[in-house]
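Before any comments, here is the structure.
The values are calculated or read from the model by the stated rules, or taken from the named source; none is laboratory data. This structure is a prediction, so every number in the text was calculated from the model and none was measured. Cβ atoms come from the backbone with ideal geometry, glycine included; neighbour counts cover every protein chain shown.
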Amino acid sequence: QPIHLVDYRPPSHLVEDVHLTFRLSPKGTRVIAKIRFRANPEGLDEGNLRLDGENLRLISLSLNGHPLTALDYLLTPQGLTIPAERLPGPAFTLCSEVEIDPEANTALEGLYTSNGMFCTQCEAEGFRKITFYPDRPDVMAPFTVRIESDLPVLLSNGNPLASGEGWAEWHDPWPKPAYLFALVAGDLVAQSDRFTTASGRDVALNIWVRPGDEDRCDYAMDALKRSMAWDEQVYGREYDLDIFNIVAVDDFNMGAMENKGLNIFNSKYVLASPETATDRDYDWIEGIVAHEYFHNWTGNRITCRDWFQLCLKEGLTVFRDQQFSADMRSAPVKRIEDVLQLRARQFREDGGPLAHPVRPESYVEINNFYTATVYEKGAELIRMLRELVGPDAYAAALDEYFARHDGQACTIEDWLQVFEDVTQRDLSQFKRWYTQAGTPRVSAEWHIADGTLSLTLRQEVPATPGQPLKEPALIPVRLGMLTPEGAEILPDMVIELDSPEVSRSWDLADLAQAAGVSVPQRVIPSLLRGFSAPVVLDAALTPEDRAVLLAHDGDPFNRWEAGRRLLREALVADLAQTRFDTAGVIEALGHAAGDTHLDPAFRALVLSLPSEDDIAQAICDIGLVPDPVAIADAHRALSARMGAALGPLLQRLYAENDPGPAYSPAAEDAGKRALRNTALRLLSLTGDLTLARAQFENARNMTDQVAALSCLIAGGETEAAARFEAQWQGDRLVMDKWFMLQIAQAPRDMALDRAKALTEHPLFDWKNPNRFRSVIGALGQTPAAFHDPSGAGYRFVADWLIRLDGLNPQTAARMSTLFETWRRYDADRQELIRAELERIAATEGLSRDMSEMVARISG
Ligand code: ZN
């Protein structure tokens, strides 16, 4: 049943063009497809025409105008095959009519309805639920679409051709795979604007939303225009149609989708107003609007040959959206946030039973591989490649990539070949990053002897499921060295760690002279600056060394990292009951947080604690078994201790960083709010809720309101949540926050009962993925409650996953990753989780998505 990369075969037939007609009706939509095929000169097999099709009621089928009977083809639940001998020749036209039921489509894949509107999600394999078609990304064709419906707004890909009462036609001239097809029909209103491309093409921009939401589109529109300009300036990529549409949909499995000229978004990542969206939401909107727009070149114009190559478009597009956000905001802050995400999601995945290479070699259900590894680690590989070849060669290689492969469906080999051709560099070792799973561990040793400073770097790539042995990776380690006084004695450089061990040495006197300092007794290395590779670094730095880096490192990422490691060590020491100078750490952090030369957003990050999940992993790394309840208590105790020890500073930060009454989502004000609300949080956790109460009363934007509400819930005040509910019960996106915060912020022994009670709430609509995630997901991401020693947290999550799987396998399967770290925990907990996994696996009618996930997690 698994599909393997090595089994790839080119398609037997290519598509010249497609004409689709949709007669929309909620329960019985007719889809008429007219497809012109021609034999693929590169086809390898006997030449049968094989079309994918699932859940389609076949009405009629004809070939070159001649009706086909059941004897002419083979129909299975997966599709339709017309044997080569029944085909009239190398070129022919197939017409089909099918009926589908969009309203019954709860999986939200293919054509479905959401709040009375029709919409589609075809990536990866949803188009086969719309009509019979070769639903594979290496078949690209121009599409013409006619939509017949009474609904006022009828949209598809490409440019509008013509429209009239009850119909509209669209034509997309750019050949595309079926996964980029989209259709939307509904009672929608647009917020519109225009953009003129560098070469003078006038593009109409529209963001389509439900009536009432039109005043929440400004920021997404602004982000879109900035993205279009940025891709022209930085990558030389222009938009290529006369119109660009974005549609916001409430029921959506993922974040958004880059359908050609018609991006469809989870409304969470489009709609924003200061009153209803937080700074984080604005940040996400900017990044996701950019991401989907950037796919127009990296994904659409150049697409993937097969789904194993998913990282070709996703890794590159994530990297591009990260670059964009770094340019729009603070680059160091963006880098820290990206690394936080990478460690929280991808390292967790890479270190557990679901570890897989950035380019997987087999899958059962491709939807299970839209992972942090493919996306985020995939983006890190592009970043490393750029670091290794340099920015100029990177730019030249990208130009060549677009020139060489425009209009094609490509592989990672094609991508790396471009870099090899442009740089004349052999990248075969670098390619291991795409094929080997697991997070490499890099260790460093350094010493001074006889006036020589030596550094040795070592690497080890851990075994992962199915990959017991690994070859050394090519790891760019950016580094510098500081004196104990904080002067930089070894300037910033990159060492390519390309074997199990690499050593370098320097004459210390020469270094000292060049740096203009006296010869030091010892040095402090600042390793992996900017997080130059996605690895775990072990370096025997003392807390004093880290404090020097926190105070003086020229690399902002490593400054933050030093503080973060100190906090982690303080928490681990507390839990492992070893001695540690926590007071000294708090003082050093306070120093950095109070430094007004530094960006407030950066200072907020300095004061933020590692997550409970990070601590659990850190405890495992020193060979102990994490206790989630003890971790939650230690986490809270350390926050309170920081709040008490830094009280006057935090009060001052709170007072000094008020951006004033007018709300701007831009980085500068958002950074001030972040610092202010971080201070509020630490102060509140000392037990004094005065400031939080006042802020909750006076908040004029959702960022401040949510920050205050979080503190009040954490402080055990239930009345604030009731008032928030009364104020926002009519707003779906805000209510998602309300559901989530009551669980995630609850005192730890209350979270599970809260979650259970919230599933009885009249607004708990479990069929809506956002709402489901904000309750079941929130509980699963609240470790002390999820890992309740009774097993009740596991049972709660498993019950709901089983229930959701019957309706929406994709979202249910994705959330099964809540269990992926189960082997970290004690034998009792492991036993309880294993029982839940077995119960899920034994469920009758379990989806392919969920079966694969549970089997892999169980190991
Ligand atoms: Zn993407």
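Among the residues in the stretch 262-276, are any within 12 Å of the ligand (Cβ to nearest atom), over 27 Å from P769 (Cα atoms) and not in a helix (DSSP H, G or I)?
There is no residue in the stretch 262-276 that is within 12 Å of the ligand (Cβ to nearest atom), over 27 Å from P769 (Cα atoms) and not in a helix (DSSP H, G or I).
Show the residue pairs that are 6+ apart or on different chains and have beta-carbon atoms under 9 Å apart, the first residue being within the stretch 758-772 and in contact (Cβ under 8 Å) with a residue 24 or more places away in the chain, the second being hydroxyl-bearing (S, T, Y) and in a helix (DSSP H, G or I).
Cβ pairs passing all conditions: P769/T811; N770/S267; F772/T811.
Pull out all pairs, ordered by first then second residue, where Cβ-Cβ is under 9 Å, the residues are six or more apart or on different chains, the first lies in the stretch 491-519 and is under 14 Å from V442 (Cα atoms), and the second is in a helix (DSSP H, G or I).
E496/L388
Among the candidates P137, P173, single out the residue that is crowded, with 20+ Cβ neighbours inside 10 Å, of a type outside the set (K, R) and modelled with pLDDT of 95 or more.
None of the others qualify; the one that does is P137.
Scan the stretch 794-831 for residues that are among the hydroxyl-bearing types (S, T, Y), assigned to a helix (DSSP H, G or I) and within 22 Å of P626 (Cβ to Cβ) and report the count.
3
For V548, which of the numbered conditions (1) within 20 Å of G451 (Cα to Cα); (2) surrounded by 19 or more Cβ atoms within 10 Å (Cβ to Cβ); (3) in contact with a Gly (Cβ under 8 Å, 6 or more places away or on another chain) fails to hold?
(1)
Would you be able to tell me the number of residues in the stretch 236-260 that are within 16 Å of the ligand (Cβ to nearest atom), of a type outside the set (S, T, N, Q) and farther than 15 Å from G186 by Cα?
So the answer is 8.
What are the pairs with Cβ atoms under 9 angstrom where one residue, in the stretch 50-68, is more than 24 Å from D101 (Cα to Cα) and the other, located anywhere, is at pLDDT below 95? Sequence gap at least six, or different chains.
Pairs that qualify, where the first residue is more than 24 Å from D101 (Cα to Cα) and the partner is at pLDDT below 95: there are none.
Looking at T298, is it in contact (Cβ under 8 Å) with a residue 24 or more places away in the chain, β-branched (V, I, T), within 16 Å of the ligand (Cβ to nearest atom) and surrounded by 24 or more Cβ atoms within 10 Å (Cβ to Cβ)?
no
Just checking, how many residues over the stretch 313-324 are near the ligand (Cβ under 9 Å from one of its atoms) and of a type outside the set (V, I, T)? Steps first, answer last, please.
Of the residues in the stretch 313-324, the ones near the ligand (Cβ under 9 Å from one of its atoms) are 313-314, 317-318, 321.
So of that shortlist, the ones also of a type outside the set (V, I, T) come out as 313-314, 321.
Final tally of qualifying residues: 3.
Please enumerate the residues belonging to the stretch 401-446 that are in contact with a Ser or Thr (Cβ under 6 Å, 6 or more places away or on another chain) and not in a loop (DSSP other than H, G, I, E, B).
Scanning the stretch 401-446 gives A409, E445.
List every residue pair whose Cβ atoms sit under 6 Å apart, with the two residues 6 or more apart in sequence or on different chains, where the first one lies in the stretch 251-262 and is farther than 14 Å from T303 by Cβ and at pLDDT below 95 and the second, anywhere, is crowded, with 24+ Cβ neighbours inside 10 Å and among the aromatic types (F, W, Y).
Hits for this filter: zero, empty list.
For the stretch 481-503, what are the residues that are outside any loop (DSSP other than H, G, I, E, B) and surrounded by fewer than 20 Cβ atoms within 10 Å (Cβ to Cβ)?
Result: E488, P491, D492, M493, V494, I495, E496, E501, V502, S503.
Which one of T303, T371 is closer than 20 Å to P440 by Cα and within 16 Å of the ligand (Cβ to nearest atom)?
T371
Could you identify the single residue in R636, R641 that is of a type in the set (K, R) and within 22 Å of E561 (Cβ to Cβ)?
Checking each option against the conditions leaves just R641.
Here is a yes/no grid of residues against (1) in contact with a strand residue (DSSP E or B) (Cβ under 9 Å, 6 or more places away or on another chain); (2) among the aromatic types (F, W, Y); (3) buried (at least 21 other Cβ atoms within 10 Å of the Cβ):
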residue	(1), (2), (3)
R280	no, no, no
D306	yes, no, no
R320	yes, no, yes
D327	no, no, no
L340	no, no, no
D350	yes, no, yes
E365	no, no, yes
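Being within 13 Å of the ligand (Cβ to nearest atom) and either without any contact (Cβ under 8 Å) to a residue 60 or more places away in the chain or surrounded by fewer than 23 Cβ atoms within 10 Å (Cβ to Cβ) (or both) is the filter here, so list the residues in the stretch 282-295 that pass it.
Correct list: G287, I288, H291, E292, H295.
Results for (1) surrounded by fewer than 20 Cβ atoms within 10 Å (Cβ to Cβ); (2) under 29 Å from F252 (Cα atoms); (3) modelled with pLDDT of 95 or more; (4) among the aliphatic types (A, V, I, L, M), shown as yes or no for each residue.
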residue: V31; (1), (2), (3), (4): no, yes, yes, yes
residue: L68; (1), (2), (3), (4): yes, no, yes, yes
residue: L75; (1), (2), (3), (4): yes, no, yes, yes
residue: P102; (1), (2), (3), (4): no, yes, yes, no
residue: T106; (1), (2), (3), (4): yes, yes, yes, no
residue: M117; (1), (2), (3), (4): no, yes, yes, yes
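Would you mind stating whether L111 is aliphatic (A, V, I, L, M), in contact with a helix residue (DSSP H, G or I) (Cβ under 8 Å, 6 or more places away or on another chain), touching a residue at least 12 places away in the same chain (Cβ under 8 Å) and within 25 Å of N245 (Cα to Cα)?
Answer is yes for this residue.
Yes or no: D327 in a helix (DSSP H, G or I), among the charged types (D, E, K, R) and either over 22 Å from A124 (Cβ atoms) or more than 16 Å from the ligand (Cβ to nearest atom) (or both)?
yes
Collect the residues in the stretch 759-773 that are touching a Leu at 6+ places or on another chain (Cβ under 9 Å) and part of a helix (DSSP H, G or I), keeping them in residue-number order.
P769, N770, R771, F772
Across the stretch 525-558, what is the total count of residues that are closer than 21 Å to I475 by Cα and touching an Asp or Glu at 6+ places or on another chain (Cβ under 7 Å)?
5
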